[in-house]
1. Of all accessible surface on the chain at a 1.4 Å probe, what whole percent is carbon and sulfur?
2. Report the dimensions of region 174-257 along its three principal axes from the alpha-carbon atoms, largest first, rounded to Å.
3. With +1 assigned to the C-beta of every Lys and Arg and -1 to the C-beta of every Asp and Glu, and no other charges, what is the dipole magnitude of the chain about the Cα centre in debye, to the nearest 20?
4. Just the number: Rg to Rh for the chain, Cα atoms, Kirkwood Rh, two decimals.
5. Would you mind checking the radius of gyration and Dmax of region 1-49 based on alpha-carbon positions, in Å?
6. Rolling a 1.4 angstrom probe over the protein heavy atoms, how many square angstrom per residue are accessible across region 50-152?
7. Counting pairs of alpha carbon atoms under 8 Å apart in space and at least six apart in sequence, what relative contact order in percent does the chain give?
8. Give me the Å³ per residue figure for the convex hull around the C-alpha atoms of region 244-308.
Amino acid sequence: MAQVLFLGGFGRSGTTLVERLLGELPGICALGEVVHLWQRDVRDDERCGCGHRFSGCDFWRRVGELAFNGWSNVDVDRVHALRDAVERTRHIPRLASAATASDEVREYASYYARVYHAAAEAAGASVVIDSSKHSALAHVLRWAADVDLKVVHVVRDARGVAYSWTKTVARPETDGVDQMTRYSPGRSALLWNAHNAAFGLLARRGVPVRRIRYEEFLADPRAGLIRLADFAGAPVRPEDLDFLRKGHADLRAGHSAAGNPMRFTVGRLPLRRDDAWVSALPRAQRRLVGAVCGPLLRAYGYPISIASEA
Ligand SMILES: [Zn+2]
């Protein structure tokens, strides 16, 4: 059995930060967003979190050998065809209601299971983290053989998320030629609802899902990490948290395969809530997002009106 902790949620909700901190704990190996591994790493040879090209990273080379007898044996077109067939947001209702999985779902899940098993062995870890975020993939992984799946659902105030999606962020792994996707606040509000609701469905299917709020986690990262490590089945000792300092964490290099540029951070990582949206997101857009996301914001314990509007 591979113990897998899947970090889920809508993008820009803080999953990379949570993953980086968990990845510092003994017995836990953080893999980044495995969903992008096939294209960005196996095919395009982008950079690993350690700074090397994927093909030049010893960790991932070993994972490829253990999982597939070398990455060259992976048929990336096949993986993508399977993904298009089963792992789309529109497939979630079917995935969530199915009592059995199709052959395609099982085959697609098997690629991930092989990566998880190999990574656990290569790292000598008892738990591997996949921070792919996509709820559809989490629904697929429910059917992966020999995978003990647990999900951490990271939520962040939809208005902070919407503001973040309006900003331009470069993708350093492509040496500055590419930028991360942007969404209008209205679009990201709809996506925020859909992606977050999908994790509620997953919990109702019997998958252990632990929901955390980004803002609450950053208010006390030490307590948050202790709780998550317990949930993952890899409890920590107090000295394991020495990398947490006042207001920042001290990070080692990791081997995150893909994801937010924070995966490259080595050394000081500020642990500060990013509340820029409170003043920077225009009032009309704040209200729009607050209205569209109101029911779930309330369910997650977020206030609908904020201080600057009082
Ligand atoms: Zn690496």
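The values are calculated or read from the model by the stated rules, or taken from the named source; none is laboratory data. Predicted model, so just to flag it, every value in this text is computed and none were measured. A quick note on method: Cβ atoms are made from the backbone with ideal geometry, for glycine too, and the neighbour counts reach across all protein chains shown. When the accessible area is computed, the model is the full protein with side chains, heavy atoms only, and any ligands, DNA or RNA have been set aside. Shrake-Rupley method; radii C 1.70, N 1.55, O 1.52, S 1.80 Å.
1. Details: 6600 of 13470 Å².
Roughly 49 percent, rounded to a whole number.
2. That works out to 44, 42, 25 Å along the principal axes.
3. Working: 43 positive and 35 negative charges, 253 e Å.
I would put it at about 1220 debye.
4. Numbers: Rg = 18.8 Å, Rh = 19.9 Å.
With Rg and the Kirkwood Rh in hand, the quotient comes to 0.95.
5. Answer for region 1-49, Rg first and Dmax second: 12.0, 31 Å.
6. On the way: 4400 Å² over 103 residues.
Accessible surface, normalised per residue, equals 43 Å².
7. Details: 520 pairs, mean separation 91.2, N = 310.
This gives 29 percent for the chain.
8. Numbers: hull volume 10.1 nm³, N = 65.
Normalising the Cα hull of region 244-308 by residue number yields 155 Å³.
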